[in-house]
Amino acid sequence: MNSPSDSQAIDLFLPDFCSIRIVFGVVVTAELLAFVLALAGTRSSFNVLDNLALTSLFIQWVALSCAAVLCVSRRYLCRLQETTAAAVSYLSLIAVTGIVSEVAWWLLAGSDDTAWGGSHAVFLLRNLGIRLGFRSSMTPNDIRSTLEIPREDHANILKTMQEDDA
């Protein structure tokens, strides 16, 4: 016989991450993502198989940790409204990704930095999906990070407007 908590669990829009079929889907999807990222990588100094192994290990670690958090938090998420449950789920996945990224960085701190794409901050921000930053210089030679996007400075815009008025 179904208890009220069982019927609530069925009503949640998220799949049951405690189910072996869902976990298998997470593993397969994560591995396919690892293949795509490893093959699309532009690091010429890094062996492709080494890159695939490291990428696969990291992505599986993140994916299975996220699935475990969603599995454990399912009972709590069932009590929330869908919008709130979605927000809590998303924020918990971001937090898990940040924690796993930090642990991975410190475990491999003695290894070659090019394997992780540069500095510690770049590695963490890239894994958390934070890719944009702005700088006031439009010159292409002034690029200090892949996280920077050039933007037109307000002083340059005012100067152009004053030249147009003159």
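The values are calculated or read from the model by the stated rules, or taken from the named source; none is laboratory data. As the structure is a prediction and not an experimental result, all values here were calculated from the model. Backbone-built Cβ (ideal geometry, glycine too); neighbour counts: all protein chains shown.
In the stretch 79-104, what residues are of a type outside the set (A, V, I, L, M, F, W, C) and either in contact with a Gly (Cβ under 8 Å, 6 or more places away or on another chain) or assigned to a helix (DSSP H, G or I) (or both)?
Once the filter is applied, which keeps residues that are of a type outside the set (A, V, I, L, M, F, W, C) and either in contact with a Gly (Cβ under 8 Å, 6 or more places away or on another chain) or assigned to a helix (DSSP H, G or I) (or both), the stretch 79-104 yields Glu82, Thr83, Thr84, Ser89, Tyr90, Ser92, Thr97, Gly98, Ser101, Glu102.
Restricting to the stretch 71-83, give me the number of residues that are β-branched (Val, Ile, Thr) and either surrounded by 15 or more Cβ atoms within 10 Å (Cβ to Cβ) or modelled with pLDDT under 90 (or both).
Residues in the stretch 71-83 being β-branched (Val, Ile, Thr) and either surrounded by 15 or more Cβ atoms within 10 Å (Cβ to Cβ) or modelled with pLDDT under 90 (or both): 1 in total.
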